[in-house]
Amino acid sequence: MGLSFLTPIIFAGLGLLVVPYIVHQIRKPEREAYRFSSLMFVPKVTHDVVERKRIQHPWLMLLRMLALVLLTLAFTRPYWKALASNQPQEVAIQHLILLDTSYGMGLGETFDEAKAAAKEVLADIDSDEGVGVVYFNLDADIIVPLEKAEANHARALKAIDDAQLSQGHTNYARSLQTAYRHATGVIDGPVQMHVVSDFRQSGRRSGASKWKLPSHFELNTVSVGSDETANFGLGELGVRRYPNGELRVMVKAHNWSDARIEDMSVYLELNGQVIQENILSLRPGMSRQTSFRFTPQSDQTFMGRVWIHDESVQQDNERFFAWNAPQTRDILIVQDTEGSSRWPAHRFFKQALNSMAGPPWKIHAVSSEDSGSQWGAGEFDLVLLCTTKGLSTGDTKQLLTYVESGGRLLISADTEGDILDSLGVYRVPSSEKRSVPAQISWVDLGHPVFSLFQASQYNDFSSVQFMQYVSVDLEKSNPRLTSLAQLDNGAPIILEGQMGKGHYFVWLFQNRLEWTSLAKNPRFVPMLQESIDYLTLNDEFPLSYTIGEKPHWENEPLVEVGYISADSQRSIDTPIVCAVNVDAYEGDMTPMSEEVFQLTYSVAGIGRDEQVPQSTGYGLVDHDGNAIYSEYGLWALGLVLMVLLIEFFYMSALSKEVRNV
Amino acid sequence: MEYTLRHIEPEQLATITDLSLLARTVVDGLMSGLHRSPHSGSSVEFAQYRPYTQGDDLRNIDWQLYGRTDRLHIKQYEEETTLRATVLLDCSASMEYGSQSLSKFSYARMLAASLAMLLHSQRDAVGLITYHHELLAYIPPRSSDKHVRRVLVELDNALPAGQTDTSGALHYLGDVLHPRGMVILISDLLQPVDAMVHQLKSLRARHQDVLVLHISDPAERDFSFDSSLTLVDAESGREQFMDPSAIRDEYLSNRTQHFTTIRKACHASEIAIAEFSTDEPLDRALQVFLNHRTRTTAQSSSMRRRAPGGG
């Protein structure tokens with residue numbers, strides 16, 4: 001230990017020392033004279049003039065060089081690590097070998113090197129010292145528990161030999177924590193953790209960054225693999241369907257290396273067949289999105305893959321995705337009676353739902369005058385109740401049972417009907433408050449139904465006028481009711497609530513032209529369709545997973561890339577296909593220095609206190625204020641300032657000297 | 001006297017490489033503009049008799065008068081109108097400087113050539129001395145065609161170099177010159193004043209008619225440099241970095257003082273002095289010379305009329 005540097009590569013910056021020297025030299029030609037007939041009339045100056053002194057004075061040049069050296073030193077982040085002097089030497093040290101089995105270790109011969117290195121570490125451990133073996137990637141897996149037994153050495157050797165590469169990404173913090181918990185649960189003494197890994201920055205990306213091993217846990221880093229490798233791969237992938245039926249697959253290609261990548265082929269494969277190829281060029285350190293467009297023959301489920309064809313690419317050269325044909329939802333519209341109105345509410349609803357090409361729902365219609373037993377509500381994904389008027393008590397009860405058992409309901413309320421009372425919506429008697437014409441002044445743009453309208457050109461709902469509406473007092477209503485939209489007089493106009501497993505919306509108005517202009521407003525159709533999507537699809541699960549994640553229908557985390565299928569909650573008959581990928585950044589081979597790893601995860605000299613030491617901004621101190629390690633970069637920066645000040649005053653002095661002549 | 005000169009700009013002259021052609025061009029241009037030559041009838045004319053005194057040249061005794069009067073008389077003539085002019089050309093390194101199309105040296109050389117051609121065209125004798133810190137060439141005054149060509153060739157071969165020692169050249173000239181000649185000094189006068197003025201006065205005391213033609217460059221006159229720069233003295237090689245705007249006033253003051261001193265000393269000794277900038281036409285310099293010549297001729301004639309028998 002002792003003085004070391006966190007970023008020694010910055011020492012390359014010392015090459016900049018030639019700059020002041022070159023400037024010093026380059027300025028000399030400016031001294032080339034302009035030949036003049038005679039200087040006999042020019043007042044004599046016995047010293048060089050200011051300008052030349054400023055540039056060419058050797059001491060000034062040396063001061064500038066010194067400032068550059070100190071600046072370079074500051075950026076190399078020198079530090080002094082205190083020794084763990086209070087480590088009990090008399091106690092035998094236990095050894096835990098942590099073997100990195102993450103996906104990135106599969107690059108070239110890295111994993112074989114890692115196993116060989118782990119065996120070397122094992123060979124160096126005395127037979128009377130305890131030893132354990134841990135595989136780690138997303139988390140640590142204790143293969144050979146830490147035990148002081150000679151037989152453990154043989155088991156450890158076998159475990160190292162048997163180690164298999166996983167598809168999980170690296171998470172140093174979580175793995176070290178698990179290994180640490182195991183070690184402290186078994187023994188109470190100093191432990192040396194031998195971490196055999198390729199030490200990539202991507203492993204530090206996730207996990208608790210402030211957690212550190214206590215001082216009696218010494219980290220021994222064993223680095224394997226080569227830094228001389230192409231460093232690029234595919235990252236995040238997204239699939240989106242457009243209204244015209246076109247599908248767009250977008251994938252981000254990352255170039256983490258310092259070299260430019262020219263004409264890299266990216267292929268799209270659907271159900272095992274390559275259908276498109278894109279050519280990409282990537283500048284060093286840049287990422288670029290490329291997209292594939294295609295129109296599926298029919299709404300079918302398919303499994304896709306985007307990959308790079310290159311022998312030198314990293315482990316993340318492919319990304320899987322799945323596309324599931326949109327599920328058709330059955331919607332029951334309970335129609336209102338036409339009465340004197342030429343345009344009853346259900347006509348607007350039907351027209352809005354059928355306005356989409358190839359709509360993802362099937363519409364069934366019954367009259368509100370029919371008996372609820374005839375509706376068969378339980379068979380539908382959603383019931384759209386166009387009016388509350390005329391509902392019998394039995395119908396209301398049936399609907400409530402439907403909702404409680406997980407049904408979805410959208411109600412366009414009327415002033416009459418008991419269902420609102422049953423749902424806990426407190427209607428203000430007309431004798432207390434009379435509804436007056438109003439307009440929408442607020443909608444919850446954060447709600448999924450209205451998130452579509454967040455853009456400034458769409459979020460003004462004030463053009464939606466209400467001549468009549470059902471006045472509701474939310475304070476006296478069911479507390480699980482929330483308002484999604486309000487009128488300019490403060491009255492709620494759209495409510496959302498839950499009952500049992502079910503979910504419902506209440507539109508506190510009749511969707512007729514006598515009541516509101518909503519049906520004529522361009523916001524009506526998208527608002528209705530978003531509402532139905534929200535009510536019927538919000539229990540869908542994600543279609544893409546990363547290795548290590550646990551889908552809700554599985555008990556074990558995912559360990560293999562590719563595809564998995566699961567039953568949809570809505571459509572039992574149709575399995576849903578999901579894609580499983582390696583973490584998007586596991587392929588980032590940007591190395592991390594072993595010093596940084598040590599400082600990130602280990603605290604030496606802090607005693608046995610496991611609490612996180614305090615960072616002072618330029619080092620760490622323990623709870624007694626003693627330095628654990630100190631960085632001197634800021635001191636170097638301070639010295640830079642001092643040198644620059646000296647240079648400035650010296651320069652000023654030179655100027656004065658000349659002026660005084 | 002009224003002149004209507006056809007001026008030839010220095011830029012145009014700079015394109016003529018043949019010095020004799022250049023000199024002829026200048027002189028022809030000048031002479032064609034004159035209405036009347038002020039130097040017509042230059043010949044040996046009888047003025048008066050005076051009694052012979054010991055030491056007089058026996059060749060001047062009028063023997064016919066001796067035969068008639070039995071007394072020795074010396075026959076006196078009008079002063080010889082043929083001028084014996086010597087041009088001193090400063091060939092020091094400082095003369096090499098030029099911010100315009102012509103350096104001071106080129107300008108001075110053209111001027112010298114033109115003067116030689118002008119004098120020759122009037123059948124005057126012309127000689128040449130070129131010098132810097134030492135004497136480079138001395139050609140005594142003669143009036144033959146061949147001689148003028150020699151002067152022009154010498155001028156053509158002259159190159160500016162070295163430091164200035166005008167007083168040395170003047171001192172040498174004082175030793176070799178025929179009395180009552182004319183000395184035309186063409187120089188930038190960038191040298192210590194005292195020694196030079198002393199030698200000029202010395203020439204004047206020897207009845208030499210002295211004309212100083214001071215050549216200067218516009219950049220020397222104005223010191224119109226914009227930004228900081230290093231100047232090197234053309235003669236000494238001394239370098240100095242400077243901010244021209246900061247020292248311009250002091251420079252101009254020093255320069256004015258230097259040339260005022262020279263001018264005053266010249267005026268005090270009846271030495272004609274005139275300054276020419278390299279951006280001025282050469283004709284003006286020749287015109288100054290002619291004016292001076294006319295004035296001095298008239299003065300000497302009137303002096304003789306006022307003091308008959310004076311020698």
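The values are calculated or read from the model by the stated rules, or taken from the named source; none is laboratory data. In this text, all values refer to a predicted model and were calculated from it rather than measured experimentally. So basically every Cβ, Gly included, is an ideal-geometry build from the backbone, and we count neighbours across all protein chains shown. Please note that ligands, DNA and RNA were not included when accessible areas were found on the heavy atoms of the full protein model with its side chains. Shrake-Rupley method; radii C 1.70, N 1.55, O 1.52, S 1.80 Å.
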Could you work out, residue by residue across B:241-252, how many beta carbons of other chains sit within 10 Å of that residue's beta carbon, and then give the average as an integer? 3
Can you pull the percent of region A:407-553's accessible area that's carbon plus sulfur, 1.4 Å probe, other chains left in place? 48
Stretched fully, the stretch from residue A:392 through residue A:644 gains (0.36 nm per residue minus C-alpha distance, one decimal, in nm) 81.8 nm
For the pair A and B, the solvent-accessible area buried on both sides (1.4 Å probe; DNA, RNA and ligands excluded), in Å² to the nearest hundred, is 2300
Which listed residue (A:458, A:509, A:387) has the Cα farthest towards the positive end of the charge dipole for region A:329-537, taking +1 on Lys and Arg C-beta and -1 on Asp and Glu C-beta about the Cα centre? A:458
Using a 7 Å offset from the Cα along the Cα-to-Cβ direction at both residue A:116 and residue B:270, what is the distance between the two label points in nm, to one decimal? 11.3
Multiply the residue gap between residue A:265 and residue A:652 by 0.36 nm, knock off their C-alpha separation, and tell me the result in nm, one decimal place. 133.2 nm
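What is the gain in length, in nm to one decimal, between residue A:7 and residue A:291 on full extension, counting 0.36 nm per residue of separation less the C-alpha to C-alpha distance?
Here the segment from residue A:7 to residue A:291 would lengthen by 98.5 nm.
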Taking H as built 1.01 Å from N, whose amide H comes closer than 5 Å to the amide H of residue A:220, not counting residues under 5 places away? A:193, A:194, A:195
Find the centroid of the Cα atoms in region A:92-164 and in region B:109-140, then give the distance between the two in whole Å. 107
For region A:517-530, 3J(HN,Hα) per residue [Karplus equation, 6.51 cos²θ - 1.76 cosθ + 1.60, θ = phi - 60°, Hz, x = Gly/Pro]: 8, 4, 4, 8, 8, x, 7, 4, 4, x, 5, 5, 5, 5
Can you work out the FRET efficiency for the pair residue A:151 and residue A:634, with r the C-beta to C-beta distance and R0 = 35 Å, to the nearest 0.05? 0.10
Once the other residues with Cβ under 11 Å from the Cβ of residue A:482 are scored (Lys, Arg +1; Asp, Glu -1), what is the net sum? -1
Any idea of the accessible area per residue across region A:329-537, 1.4 Å probe, to the nearest Å²? 44
Residue by residue through region B:103-116, the couplings from Karplus 6.51 cos²θ - 1.76 cosθ + 1.60 with θ = phi - 60°, in Hz, x for Gly and Pro, are 7, 4, 5, 4, 4, 5, 5, 4, 5, 4, 5, 5, 4, 4
Distance from a point 7 Å along Cα→Cβ of residue A:489 to each backbone N in region A:454-475: keep the residues under 20 Å and list them by number. A:461-475
